[in-house]
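**Q** One structure, as structure tokens, below. Some questions next.
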Amino acid sequence: MICIQETQILTLNKYAETEYPAECCGLLIGRGTQDNLNIDEIIQSPNIAKGNKSTLFEIDPQIRLNTQRRLRNSPQRVIGHFHSHPDAPSSPSPTDLSMAFEAELIWAIVSVKNSVANGTRIYRLDINRHNFYEINYKVI
Ligand SMILES: [Zn+2]
């Protein structure tokens, strides 16, 4: 189970709506084991994808580096990342699958329809990295 605070869902929605019609993106910071994760913090990154930012995202590697440095002596770590799907459902795209190579990370995807956030779903890569599967989460 993954636990996320309601304020963080609202933060994700705000980022997704602000960047629309481009994809927003960033990091999920949290604690816990693979089966029992708490999301503590959301860090937005500029979308540095080269190409069409309404269908592509890329997180600034410097932001990840800085975050990992800051969390070095903390129980928290980068547990995943998020991005939005402008005018598309919150399910992973073939491009997402082609970019996924870190099996330990969770993927939060926010759907945005006509500039209004329309639900978030969370996924993880299967062990063979051939597919995503959805994971349930609880808003606390
Ligand atoms: Zn995507």
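**Q** Given 17, 6, 58, which one is out of contact with any helix residue (DSSP H, G or I) (no Cβ under 9 Å at 6 or more places or on another chain) and surrounded by 15 or more Cβ atoms within 10 Å (Cβ to Cβ)? Reasoning before the result, please.
**A** Numbers: 6 fails: surrounded by 15 or more Cβ atoms within 10 Å (Cβ to Cβ); 58 fails: out of contact with any helix residue (DSSP H, G or I) (no Cβ under 9 Å at 6 or more places or on another chain).
One residue alone meets the criteria, 17.
**Q** Show me the strands (runs of 3 or more DSSP E) found entirely inside segment 97-140 where at least 1 residues are farther than 21 Å from residue 24 by Cα. Lay out the reasoning, then the answer.
**A** Details: elements: 106-113, 116-125, 132-135, 137-139.
The qualifying strands (runs of 3 or more DSSP E) are 132-135, 137-139.
**Q** Which members of segment 55-70 meet the condition of being in contact with a strand residue (DSSP E or B) (Cβ under 7 Å, 6 or more places away or on another chain) and within 16 Å of the ligand (Cβ to nearest atom)? Give the steps one after another, and end with the answer.
**A** So the first thing to find is which residues in segment 55-70 are in contact with a strand residue (DSSP E or B) (Cβ under 7 Å, 6 or more places away or on another chain), and the list is 57-60, 63-64, 67-68.
If the condition is that a residue be in contact with a strand residue (DSSP E or B) (Cβ under 7 Å, 6 or more places away or on another chain) and within 16 Å of the ligand (Cβ to nearest atom), then 57, 58, 59 are the ones that fit.
**Q** Among the numbered criteria (1) within 18 Å of residue 2 (Cα to Cα); (2) more than 10 Å from the ligand (Cβ to nearest atom); (3) out of contact with any helix residue (DSSP H, G or I) (no Cβ under 7 Å at 6 or more places or on another chain), which one does residue 87 miss?
**A** Only one criterion in (1) within 18 Å of residue 2 (Cα to Cα); (2) more than 10 Å from the ligand (Cβ to nearest atom); (3) out of contact with any helix residue (DSSP H, G or I) (no Cβ under 7 Å at 6 or more places or on another chain) is unmet by residue 87, namely (1).
**Q** Between a first residue in segment 58-86 that is at pLDDT 95 or above and a second residue that is among the polar types (S, T, N, Q) and within 16 Å of the ligand (Cβ to nearest atom), which pairs have beta carbons less than 7 Å apart while being 6 or more apart in sequence or on different chains?
**A** Going by the 7 Å Cβ cut-off, the qualifying pairs are 58/47; 59/45; 60/45; 63/45; 85/111; 86/54.
**Q** Right, residue 52: surrounded by fewer than 19 Cβ atoms within 10 Å (Cβ to Cβ) and either of a type outside the set (A, V, I, L, M) or within 15 Å of the ligand (Cβ to nearest atom) (or both) or not? Show your work before the answer.
**A** On the way: surrounded by fewer than 19 Cβ atoms within 10 Å (Cβ to Cβ): yes; either of a type outside the set (A, V, I, L, M) or within 15 Å of the ligand (Cβ to nearest atom) (or both): yes.
Judged against the criteria, residue 52 is a match.
**Q** All but one of (1) touching a Leu at 6+ places or on another chain (Cβ under 7 Å); (2) in a loop (DSSP other than H, G, I, E, B); (3) of a type outside the set (Ser, Thr, Tyr); (4) within 14 Å of the ligand (Cβ to nearest atom) hold for residue 92; which doesn't?
**A** (1)
**Q** Working only within segment 95-140, note down all residues that are more than 10 Å from the ligand (Cβ to nearest atom), surrounded by fewer than 19 Cβ atoms within 10 Å (Cβ to Cβ) and among the hydroxyl-bearing types (Ser, Thr, Tyr).
**A** Matches in segment 95-140: 98, 115, 133, 137.
The values are calculated or read from the model by the stated rules, or taken from the named source; none is laboratory data. Worth saying up front: this structure is predicted, and the values here are computed from it rather than measured. Note that we place each Cβ from the backbone using ideal geometry, even for glycine, and neighbour counts take in every protein chain shown.
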